[in-house]
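These notes concern the structure reproduced below.
The values are calculated or read from the model by the stated rules, or taken from the named source; none is laboratory data. Since the model is a prediction, treat every value here as computed from it, not as a measurement. Using ideal geometry, Cβ is built from the backbone for each residue, glycine included, and neighbour counts are taken over all protein chains shown. Note: accessible area is taken over every heavy atom of the protein model, side chains too, but ligands, DNA and RNA are not part of it. Shrake-Rupley method; radii C 1.70, N 1.55, O 1.52, S 1.80 Å.
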Amino acid sequence: IVGVPMALIVIEPHLSGTILVGGVGAILIFVGGASMKYITPIIGTAAVGGTVAVIKLGNYMSDRIKIWLNPFSDPQGDGFQTIQSLFAIGSGGLFGLGLGRSKQKYLYIPEPQNDFIFAIVCEELGFIGALIIITLFVLLIFRGYQIALSSPDKFGFFLVVGIMTRIALQTVLNICVVTNTIPVTGISLPFFSAGGTALTMLLFEMGIVMSVSRYSKLNKNS
């Protein structure tokens, strides 16, 4: 069932969206207690499907991997955004240039308010500011899983686990892309990247998590 939307998304091609859908689905199957005799064939099928997708996408994937390994191989082309992102992160130093004082957001990093917003955060707030933001994400995700574990029913449990896993995967992927830890996939940073629809959906999801938390407390009190 999860493979159907994954196949449609990868055709776009939208690698990060495919990873998110597949990752959330895999985690839910795992925490749901599925036997390894069912999980192993799924992993095998996903591996085969991923290999076929990479072959079909051809130059699209190979170019991204090439730029990831050496962004300076094409500094004025595909590697430009990654290089400027690394410059922004490095110039931030320990404490940053100050809020609103980023230089890389002025025509250097294309569309800095979107996928590469974390690079601007690092430049303006420095290593300390970036570390604080990562810590806040960790605390949010940790608290979300705590709420899931305290849910009195399986529906609430799986609902919150799915939401928090999606936010966790999206955060990790975005930060890894911005720091060139993994190839560019094109994914936004939750609560930071521009986009009214994305922010609205995130707030809806947080409302659902809080509703499950409230229901859990009411159930305990009764």
Inset, instruction - Take the Cβ-Cβ distance between GLN146 and LEU107 as r, set R0 to 30 Å, and report the resulting FRET efficiency rounded to the nearest 0.05. - result: 0.10
Legend entry - the chain: angle of helix 80-92 to the longest principal axis, Cα-based, in degrees nearest 10: 90 degrees
Inset, instruction - Could you check how much of the accessible area of the chain is carbon and sulfur, as a whole percent, using a 1.4 Å probe? - result: 71 percent
Inset, instruction - Enter the accessible area per residue of the chain (Å², integer; probe 1.4 Å; all protein chains in place). - result: 58 Å²
Inset, instruction - Using only Cα atoms, find the angle between the long axis of helix 154-178 and the longest principal axis of the chain, and express it within 0 to 90 degrees, rounded to the nearest 10. - result: 10 degrees
Inset, instruction - Within 10 Å, count the other beta carbons around each residue, average over each peptide in 97-105, 156-164, and list them highest first. - result: 156-164, 97-105
Inset, instruction - With no solvent and one equal point scatterer per Cα, compute the Debye intensity ratio I(q)/I(0) for the chain at 0.07, 0.13, 0.15 Å⁻¹ and report its log10, rounded to two decimals. - result: -0.27, -0.88, -1.10
Inset, instruction - Set Lys and Arg Cβ to +1 and Asp and Glu Cβ to -1, take the dipole of the chain about its Cα centre, and tell me which of MET6, SER151, PHE118 lies farthest positive. - result: SER151
Legend entry - R0 of 41 Å, Cβ-Cβ distance ALA47-ASN221: FRET efficiency to nearest 0.05: 0.30
Legend entry - Inter-site label distance for ASN70 and MET206 at 7 Å from Cα along Cβ, in nm: 4.4 nm
